[in-house]
1. Might you check whether a residue that is of a type in the set (Asp, Glu) and within 22 Å of the chain's Cα centre (by Cα) occurs anywhere in the stretch 283-295?
2. Quick test of your reading of the structure: residue 165 fulfils all but one of (1) in contact with a Leu (Cβ under 8 Å, 6 or more places away or on another chain); (2) of a type outside the set (S, T, N, Q); (3) modelled with pLDDT of 95 or more. Name the failing condition by number.
3. For residues in the stretch 139-185 being touching a His at 6+ places or on another chain (Cβ under 8 Å) and over 21 Å from residue 213 (Cβ atoms), which is nearest to ligand 2 (Cβ to nearest atom)?
4. Can you tell me which residue is farthest from residue 291 (Cα to Cα) among those in the stretch 115-126 that are in contact (Cβ under 8 Å) with a residue 40 or more places away in the chain and in a helix (DSSP H, G or I)?
5. Filter the stretch 240-265 down to residues that are within 13 Å of ligand 1 (Cβ to nearest atom) and either farther than 20 Å from residue 299 by Cα or not in a loop (DSSP other than H, G, I, E, B) (or both), then give me how many there are.
6. Which of the residues spanning the stretch 253-303 are in contact (Cβ under 8 Å) with a residue 12 or more places away in the chain, closer than 30 Å to residue 63 by Cβ and among the acidic types (Asp, Glu)?
7. What's the number of the condition residue 224 fails, among (1) surrounded by fewer than 23 Cβ atoms within 10 Å (Cβ to Cβ); (2) modelled with pLDDT of 95 or more?
8. Given the condition modelled with pLDDT of 75 or more and within 16 Å of ligand 1 (Cβ to nearest atom), answer yes or no: does some residue in the stretch 72-85 qualify?
Amino acid sequence: MTQSATPGKLNPLNLKAIESQLALCPSLPSLSSINKALQGLLHAEQRYSAQISEIIRRDPSLTSRLLRLVNSVYYGLSTPVNSIEEAVFYLGMRQIRQLTMVTPIIEDFQRLTRQCNFPWRDFWQHSIGTAILTREVMTAVQAPLDDSDYVAGLVHDVGKIVMAWSFPDHFAEIHRLALEATRDLTEIEIEVLGMDHAELGALYLERHRLPELMIRTARFHHHPEKAGEHATIVASVQIADLLLRSEKIGCSGNYLPVTSEQCLAADGWKVLFPDAQEEEQSMARASLHRSLERLPHILEGLV
Ligand SMILES: [Fe+2]
Ligand SMILES: [Fe+2]
């Protein structure tokens, strides 16, 4: 296949061409520091909340995000929440921890994607929504939680950001075709660029030596049955991703509608419930639907 683009026509690229372009894509410092941040805050209990408040106060963008979040989640409060301590009280440590992880990643990502014409705000809602819902899926199937599931959900579509930065013309053409909503995004990506966002994201994360869990989530989030040792988290990400798309919360860039039958038939369920426990599955689904209803409110406050 020829690599030289004829004017006005884009050619798909081979692996070597993709990799050399990918090498120019800057690393995201937030992703490398995330494990450290996780460790530091992981065991923080309520008694540390004064310390946490102090850390938050030093970061103006985190502060405003936090206050926006608490005021939109608790929108019925007679007086809006204005102080960090109050916000910490209302949201609890878990949400604060998640927010401290999310904010730098999103800001890094936003710097990368400034130039491209794409509904990025809706895309952040998709990414954060997937992170929140991945946690809910893990809870519903009683899988152990350690916050890494949250990060996995957040970065599952990192390949789209990398694609927008490294291959802006291909990315724009893919978005144009995706808007027709007649074909799946990955099919269009392979046709136009020569690689889909899942593989591209995984190559990028590998290049920057990020944890295996993130790499596998990026690579296999459409095929969690192939994810090996991290299959439970990756399957939870797949379910979260499909539920958000079927409920049209945020925008992943994949405009092909997802039906509830497709959500039910996802391979992720087989990974999470290998023995086809019907009753447990439907209980898990019912609790997920309650979470889905709350989600748009939370996302409005966050992004
Ligand atoms: Fe995806
Ligand atoms: Fe997604």
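The values are calculated or read from the model by the stated rules, or taken from the named source; none is laboratory data. It should be emphasised that the depicted structure is a prediction, and the values quoted were computed from it without experimental measurement. Here the Cβ is made from the backbone with ideal geometry for all residues, glycine too, and neighbour counts use every protein chain on show.
1. For the stretch 283-295, residues of a type in the set (Asp, Glu) and within 22 Å of the chain's Cα centre (by Cα): present.
2. The number of the failed condition is (3).
3. Only one residue fits best here, namely 185.
4. That would be 121.
5. The qualifying residues number 7.
6. 300
7. Checking residue 224 against (1) surrounded by fewer than 23 Cβ atoms within 10 Å (Cβ to Cβ); (2) modelled with pLDDT of 95 or more, the one that fails is (1).
8. Residues of the stretch 72-85 modelled with pLDDT of 75 or more: 79-85.
Then drop every residue that is not within 16 Å of ligand 1 (Cβ to nearest atom), which leaves none.
Within the stretch 72-85, none of the residues are modelled with pLDDT of 75 or more and within 16 Å of ligand 1 (Cβ to nearest atom).
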